[in-house]
Every structure is written in structure tokens, then in C-alpha cells.
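The values are calculated or read from the model by the stated rules, or taken from the named source; none is laboratory data. Everything quoted here is computed from the prediction, not taken from an experiment. Cβ coordinates were reconstructed from backbone atoms using ideal geometry, including for glycine residues, and neighbour counts include every protein chain displayed. Ligands, DNA and RNA are excluded from the accessible area calculation, which covers all protein heavy atoms including side chains. Shrake-Rupley method; radii C 1.70, N 1.55, O 1.52, S 1.80 Å.
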Amino acid sequence: MKPSEKIGLRPLIPLAKPWMDEAEARAAERPIRSGWVTQGPEVECFEREFAAFTGARHACAVSSCTTALHLSLLAAGVGAGDQVITVSHSFIATANSIRYCGAIPVFVDIAPNTFNINPDLIREAITDRTRAILCVHQMGMPCDLKSILAIARSHSLPVIEDAACAVGSEILWNGEWEKIGKPHADIACFSFHPRKVITTGDGGMITTSNPDWDQKFRLWRQHGMSVSDTKRHYSDKVVFEAYTELGYNYRLTDIQAAVGREQLKRLPEIIRRRRFLAGRYLKLLETSVESGLPMEPSWARSNWQSFCVRLPSGVDQQTVMQSMLDEGVATRRGIMCIHREAAYSSFIKEQKLGESEGAQDRTIVLPLYPQMTGSDQDRVVESLRKVCRL
Ligand SMILES: *Cc1c(COP(=O)(O)O)cnc(C)c1O
């Protein structure tokens, strides 16, 4: 049986769909035919091209955004017993990466219309044990980095951007539109999971302006090996490697990187289409759910990795989602709240997280992918209107 038969195609408007074709398939062939399949020349090219795209000085490829976050927190000096300020309203990997360092996530509530951390609440969450701030560009919408950095700098705290969803998003910085990941804070981490904007199956990237941290990432992602296997392979002298500190196997493979390079070429067109479709959703829905629509601040340009709407009061989230599914439209509930999961039950909740909880309970994510047609989108809007009686 072919895997495609197992997954099966339902006559459904999916939530998301990666955009790949012959170009990616041919690219994956390159490393396979060359015989060098794990981290090697394709990874190196992908890193260079990604750095050029984001305007970053250094870009280091890793196996996922989760592993990117882990290494970034280690570089920022986060260790056992430290506290890291972040949001609960995020995918669980954001907080998990903090716990991998033995540190404690301290959750701050979000602003209701951008679904991003509310900078006004950060200061009161800072303690003597705070070691870093891990902010998230949720669903691709840039968070308020200017305000976050002002607070962080006044407390000498490093800031790491969880940009898992934000490849190609932009922020207005000193009068210029710049790509998320330059990075504007200290380190930015990206994901290439299929649910994100471009994909390598799984994969991640870390960008920074700090050459020492970049060297650390390269060392740690490959077992702490002093001389990489690629270097040894190409050397005409015998070289012995050493292992000077604890490392991990967080490599991206050359097969993935080859696919990523093709995805990167497609990225501007992907963003253009996503922004067009999001703009169309905003227009189609403005009369019915005006107060429930996501807001793009004047200094932000989202890649619209997800398009999230707040449901009118009096309608039940699960009922809306089921009725839309019955009409052939896939949706998801709003972003999860990490503090509500059993895996986090021992992390005592002192903070008020009402906006985060409201966003999880009262919003749904609508289908949005670059291949989506206008009539697909009309069907989504019609079914939402019908079930919500808008
Ligand atoms: C998807 C996601 C991650 C994890 O990315 P992986 O590449 O799957 O490890 C982390 N943070 C956020 C905000 C995400 O959406």
C-alpha cells in the first residue's frame, strides 16, 4: 500500500497544505545520488541562503525549532533553577525547551488582538532568578520587540525570539521593513515543520549576530565534535576530533536542506499569496465578526501562518468546528495554553492568564494555504457565517 492511500484524500478544505512539487522532489535526489546525505554541503548552502533572506549575520541549521530553542537558551546561559519569561499561549515546545535546561517557564498573558505577549506585564514577572525572555511571534504575527527589548535591556536580560511560524514576516525597524530573524533581539529560532510556512519535513534554523554563539550552536548540534565529519572527509591529512563539552545530535540532513533551498526560492510567492488571502478574509468577515478579527499593528507585516478569528459570544467553539467539518471545512481551535496541560501541573500558576485562556477557548483557526482558491475561501466564510448565524 502506498502511504498516500493510507492517508486518503477527503473532499475537504484542509487547514493547511505544504506547497511542494517536482522542484523539491528533484532537489532531494541530489544528495541521494551524491552519496552524502546528512549535514554537509547542502546544509551549508541552505544556511547561507537563509542568512541572505533574513539579513542575518549567522544562520545555523538544526533538526527542529524545538532543538533550536534548546541550544539558544543554553547559549544565553540559562541553567538549572533559572526562570525564563515566556507565554503560555503557544505550542508546548516553547516551554519544553526551557525545561530541557532545567529552568522554569514563567508565563505572562497575551494582548487579546495580536495573540502575542503583553509587554506591559513583563516587568512585574522579572525576579532575581530571571535569566532570559523567550518571546513568540505567534502565528507569524511579529510581537512588540521594541517594547520587549527596552524592558530586557534595562534588566540586562537576553531575548530569544521563537520565530517558529514567522519566516518571511516583517517588522518596521528604524523606518525600514526588515525580516524577522535578522535578528532584532539576540537569537531567533525557526521551524520547517509542514504546518509552518516552508517545510523540510522537520527542521529548524537559528540566526544570530553573535559569532561566539554561532560557533557554540555548530559544536553542540553535532555531539560537541571539535572537527566535523565533513571537514575530516575533505581533508587530505589525517585529523582526529575531540569532544570538549556535552553535545547533542541536532543535525539537519542534506536531503532536508536540499528541499529547504527550493522552499526558500518559493517563499516570496508563498508570502504574497498568504497576505492576499488573509486580506481577503479580513474584507469578507469585517461586517460579521469585526471585533473578532486578528489585528496587524502598523509596524508589523505578518506572513499569516495561521488566521485566527474570535467567535461571537453565545456560540460554542466545538459545535462551530463540528458543523464546519460536516460542511467539508477543517478548522482548529485557538493556540493551546501550556499551563493547562498535565505536563505542566507542577508549575504553580501565580500569573493571571485570562486572555490566553480566552484565546484558546473562544477562537478558531481557518484554512489558509497558498494554493487556496477564492471559491475555497468563499466556502469557508459561508460555512462560518451559517453556523454562527452571522
Ligand atoms: C511549531 C512550533 C514550535 C516547534 O517547532 P518544531 O520545528 O516542530 O520543533 C515551537 N514554537 C512555536 C511557537 C511553534 O509554533
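Looking only at segment 51-85, which residues are within 10 Å of the ligand (Cβ to nearest atom) and of a type in the set (S, T, N, Q)?
Selection gives S63, S64, T66, T67.
With the structure loaded, tell me whether T114 is surrounded by fewer than 22 Cβ atoms within 10 Å (Cβ to Cβ), within 16 Å of the ligand (Cβ to nearest atom) and farther than 19 Å from G55 by Cβ or whether it fails that test.
It is true that T114 is surrounded by fewer than 22 Cβ atoms within 10 Å (Cβ to Cβ), within 16 Å of the ligand (Cβ to nearest atom) and farther than 19 Å from G55 by Cβ.
Residues in segment 223-240: is at least one within 30 Å of S302 (Cβ to Cβ), surrounded by 14 or more Cβ atoms within 10 Å (Cβ to Cβ) and modelled with pLDDT of 95 or more?
Within segment 223-240 (the criterion being within 30 Å of S302 (Cβ to Cβ), surrounded by 14 or more Cβ atoms within 10 Å (Cβ to Cβ) and modelled with pLDDT of 95 or more), the answer is no, since none of the residues qualifies.
Of all residues in segment 17-66, how many are open to solvent by 60 Å² or more (accessible area, probe 1.4 Å), among the hydrophobic types (A, V, I, L, M, F, W, C) and within 19 Å of Y250 (Cα to Cα)?
The qualifying residues number 1.
Give segment 135-153 a look and list any residue that's buried (at least 24 other Cβ atoms within 10 Å of the Cβ) and more than 19 Å from A300 (Cβ to Cβ), or say none.
Hits for segment 135-153: nothing passes.
Scan segment 280-339 for residues that are open to solvent by 20 Å² or more (accessible area, probe 1.4 Å), in a loop (DSSP other than H, G, I, E, B) and of a type outside the set (D, E) and report the count.
Qualifying residue count for the region: 12.
What are the pairs, 6+ residues apart or on separate chains, where a residue within segment 29-46 that is closer than 8 Å to A257 by Cα and among the aromatic types (F, W, Y) has its Cβ under 7 Å from a residue that is open to solvent by 40 Å² or more (accessible area, probe 1.4 Å) and not in a strand (DSSP E or B)?
Close Cβ pairs (under 7 Å, with a partner that is open to solvent by 40 Å² or more (accessible area, probe 1.4 Å) and not in a strand (DSSP E or B)) amount to F46/R261.
Might you check whether a residue that is touching a strand residue (DSSP E or B) at 6+ places or on another chain (Cβ under 6 Å), assigned to a loop (DSSP other than H, G, I, E, B) and open to solvent by 10 Å² or more (accessible area, probe 1.4 Å) occurs anywhere in segment 351-366?
For segment 351-366, residues touching a strand residue (DSSP E or B) at 6+ places or on another chain (Cβ under 6 Å), assigned to a loop (DSSP other than H, G, I, E, B) and open to solvent by 10 Å² or more (accessible area, probe 1.4 Å): present.
Counting just the residues of segment 117-134 that are open to solvent by 10 Å² or more (accessible area, probe 1.4 Å) and assigned to a loop (DSSP other than H, G, I, E, B), which one comes out nearest to the ligand (Cβ to nearest atom)?
Filtering segment 117-134 for residues that are open to solvent by 10 Å² or more (accessible area, probe 1.4 Å) and assigned to a loop (DSSP other than H, G, I, E, B), the one nearest to the ligand (Cβ to nearest atom) comes out as N118.
May I ask you to list the residues in segment 321-360 that are among the acidic types (D, E) and under 21 Å from the mean Cα position of the chain (by Cα)?
E341, E355, E357
Pick out the one residue from I98, I92 that is crowded, with 22+ Cβ neighbours inside 10 Å and under 19 Å from H137 (Cβ atoms).
On inspection, the qualifying residue turns out to be I98.
If L157 passes every condition in (1) touching a strand residue (DSSP E or B) at 6+ places or on another chain (Cβ under 6 Å); (2) away from the ligand (no atom under 15 Å from the Cβ); (3) part of a loop (DSSP other than H, G, I, E, B); (4) within 23 Å of P268 (Cβ to Cβ) but one, which one does it miss?
Result: L157 fails condition (4) only.
If you take the residues of segment 186-214 that are surrounded by fewer than 24 Cβ atoms within 10 Å (Cβ to Cβ) and more than 17 Å from R266 (Cβ to Cβ), which of them is nearest to the ligand (Cβ to nearest atom)?
D202
Among the candidates R261, R251, single out the residue that is open to solvent by 30 Å² or more (accessible area, probe 1.4 Å), over 25 Å from S375 (Cβ atoms), in contact with a Cys (Cβ under 8 Å, 6 or more places away or on another chain) and outside any strand (DSSP E or B).
After applying the criteria, what remains is R261.
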